[in-house]
Amino acid sequence: MKFFVVFMLCINFLFGVTKITKTDDWDTNATKKDMNYYQAGINQVSPVSMPMPSAVMASSPVVKKMVKRNIGLAVGGAKDSDNFIQNIKNGYLPKLKSITYEGVFYDHYFDMGSDDECKSIFCPIYSYTKSIDIYDKSDEYYLSVGLSSGMDMNTFRRDKLNLVVVLDVSGSMGASFDRYYYDRKKSHIKHKTKMQIANETLVAMMSHLKDDDNFGVVLFDDMAYPVKPIRKVAYTDMDAIKGHILDIHSMGGTNWSAGYKEALKYFKKVSKKGYENRIIFITDAMPNLGELNKDRLFGMAKDASKQGIHTTFIGVGVDFNANLVDYVSKIKGANYYSVHSAKEFAKRMDKEFEYMVTPLVYDLKLRFKSKDFEVVGVYGVPKASLDTKELIDIDTLFASDSSDEGNKGGVILLKLKKISKGNRIVLDLKYKDRYNKPYTTQKSISLDKNRSNSGLQKAIVLSRYVTLMQNWLIDAKAGCNDKLDYIHIPYESLLKKCMIYPSLNPNYPHIKTWERKSCKLQVSDGYKKLLRYFRNYYKAQVKQLQDKSMKKELDILDMLLKDNLSIIDDYNNIR
C-alpha cells in the first residue's frame, strides 16, 4: 500500500497533474484606516516559492498561426484619443492633450512598405513626398519614418509579468463617468460610475494573465491599502479576486503617491530578472501639480523606470486629466490608455494586452542634418524639439499589431521647409534594445524624387486633422475663459493660424491655467467655416485612400458641425 501511494505521487508529479491549491489572498480588512494594520498586512502573506509543475508552466502561443508577418512597433505615450471623443459626445470642450498625434496614429494601421532584409528588432523605413498646403496652396515637404521590425509575429511571446495594479478608490471615482466631478452638477439620469468602469476594466485585463505571471493589487484614496499581495497566478483563486474587485466602492480623498509607493514595495518580494515589471495605474487622473515633484508620483515613476519598473496609466471618465499624464508618457517604458466602455476596452485588450506590456526599443534618438531643408513640425512622438540638432528623443517603442493594412501606429512624420536649391538630408539614428545593446544607423536621402506610399499619405492627412483640432481647442479654451476676441476672429485670420504647429499658437502658454474646470462645447463661426472646408478635404482623401478606418475622424467633424453641415463635393471650390 505504501509503495502504491509513493508510486501515484511520482506519476502525478511527472505528468504535471499535482493538484494546486489556489488561494483567495484578498485582505478584506486592509482598507481599514489603521496605519499599523495595513503596513503589516502585506507582510503576513509571503510570496509562494514552491516550484510549479511543468504542465502549469507551459502556456499556449499568444498569436495564432498565420501567414508569416513581422510585428509592428509604435511609440509609447498615448494609445488612443477616446477621452477627446467622449468629451465631445457629452457636450464638453476636451482638454488639449486628450488628442495627440501619437494617440490618433495608434488608432490606425500604416502600410509604409516593407524591408525584406530586416533581421533586427527595429528597421526604419523612410518615405518622402512633396505636398500642397490645403489652405494657402504653398509647397510642403514630408518625410516619414516607418517603424518596422524583423521579429516574426508567429514566434512573438511577451515576457513573464510581475504586475501590480494600483486602483484609485478616491471620492471622485464615485462620480458619473460622463460628468466633470468639480462641476458638482447632479444628474437625474443614472450612468455607470467611474469606479464601476474601473473595476470592470481591471477584471477584463486579468483574463490575459498566465499561470507563471505574478499579480498584486493596491487600492488608494488618501491612504494606500495593499489588498492583494503579489503571488503567482497559478496559485491564486482569480475568480474570487475578480469578485472582490467588482465589489470595490469609492471612499476618501486622493493621494496618488501613497498608492504608487506601496506598489513599489511589492517588487522587493519577487525576482525582477527575466520578467517585465509593470505597474498599471487606473485613475480618473485628478491630482494637483505637486505630483510632479521628485518625491511624488511622477518623480517616483521616473525613478522606477531606471530600476526597470515601468508604468501604464489607464484614465477613466471624461474629466480624466490627459495633460498631466502626458508628462508621465514621456517616461521610459510608459504608456497610457483612456477607457470609455469596459466592454470595448475588454475587446481591445484581447488583441493588445501582450503589446501593451512589451517595450522593445529604448532611447531612440534621431538627428536631422541638412543645408537644404529645416524641420517645421514633428508628428507622432511625445517629445520633439525643433530647436536642437537631436530632433526626436523617444523613450520607448512598444510592440504593436500588424495586419494586411500595415503596422498599427507605426509611423513618425516630419514636415519640412525648403531653404535652398539642394535636396539632401542625412539622418543619424541611434537606439538600444531591451537588453541595453546599442545600435546606430545613418541614412542619406535625396528628396528630388518622390518616394511615397499610402501610409505616408494617410499620416499627412491625420496629422493635419490633429493640428486643426489642437488649434481649435487652444482658441476655444480662450473663448471659454472670457477672451472674447476668439469669437470674433475672422475666417481669413484663422486660415493663417489653424495649421501652425500647435505649440506656436499665441494662446498655447495659457492652456494649463485654462483647463481646471469644464467648458461647454463651442465652435465659433470662423472655425465652423474652417471645419466645413477641412471636412470635405478629409472626405476626399478617405475616398482616394479607400480607407474606411478614417471614418472615425470624419464622424467627429460631423459632430462639431451638426446643424451647420453643408455638403460640397469639391473642397477646392469652398473658398
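The values are calculated or read from the model by the stated rules, or taken from the named source; none is laboratory data. Worth saying up front: this structure is predicted, and the values here are computed from it rather than measured. So basically every Cβ, Gly included, is an ideal-geometry build from the backbone, and we count neighbours across all protein chains shown. When the accessible area is computed, the model is the full protein with side chains, heavy atoms only, and any ligands, DNA or RNA have been set aside. Shrake-Rupley method; radii C 1.70, N 1.55, O 1.52, S 1.80 Å.
Please state the shape class of segment 107-151: rounded when a/c is under 1.5, otherwise prolate if a/b exceeds b/c and oblate if not, all from the C-alpha gyration tensor. The shape class here is prolate. With a Förster radius of 45 Å applied to the beta-carbon distance between Arg451 and Gln522, the computed FRET efficiency rounds to 0.60.
Taking a sphere under 9 Å around the Cβ of Pro229 and counting the other residues whose Cβ falls inside, with K and R at +1 and D and E at -1, yields a net charge of +1. So what's the net charge close to Val361: Lys and Arg +1, Asp and Glu -1, counting the other residues with Cβ under 9 Å from its Cβ? For residues surrounding Val361, the net value is 0.
Take every pair of alpha-carbon atoms less than 8 Å apart whose residues are at least six positions apart; their mean separation over the length of segment 361-465 yields a relative contact order of 33 percent. Neighbours of Lys548 by Cβ distance under 15 Å: Lys/Arg scored +1, Asp/Glu scored -1, total -2. The gain in end-to-end length when the Asp247 to Asp152 segment is fully stretched comes to 30.1 nm, 0.36 nm per residue minus the alpha carbon separation. Projected label points at Asp212 and Arg424, each 7 Å from Cα along the beta carbon direction, are separated by 5.2 nanometres. You can think of it this way: the chain between Asp350 and Asp133 has 74.1 nm of extra reach, that is 0.36 nm per residue less the Cα-Cα gap.
Judged by the mean number of other Cβ atoms found within 10 Å, the most tightly packed of the peptides 335-343, 248-256 leads the ranking 335-343, 248-256.
When the listed pairs Lys371/Lys477; Lys119/Lys552; Lys261/Lys369; Lys449/Lys539; Lys371/Lys539 are checked against a 32 Å cut-off, the alpha-carbon distance exceeds it for Lys371/Lys477; Lys119/Lys552; Lys261/Lys369; Lys371/Lys539.
Accessible area of Glu262 (1.4 Å probe, protein heavy atoms only, ligands and nucleic acids ignored): about 10 Å². Taking 0.36 nm per residue of separation and subtracting the Cα-Cα distance, full extension of the segment from Cys118 to Ala540 would add 148.4 nm.
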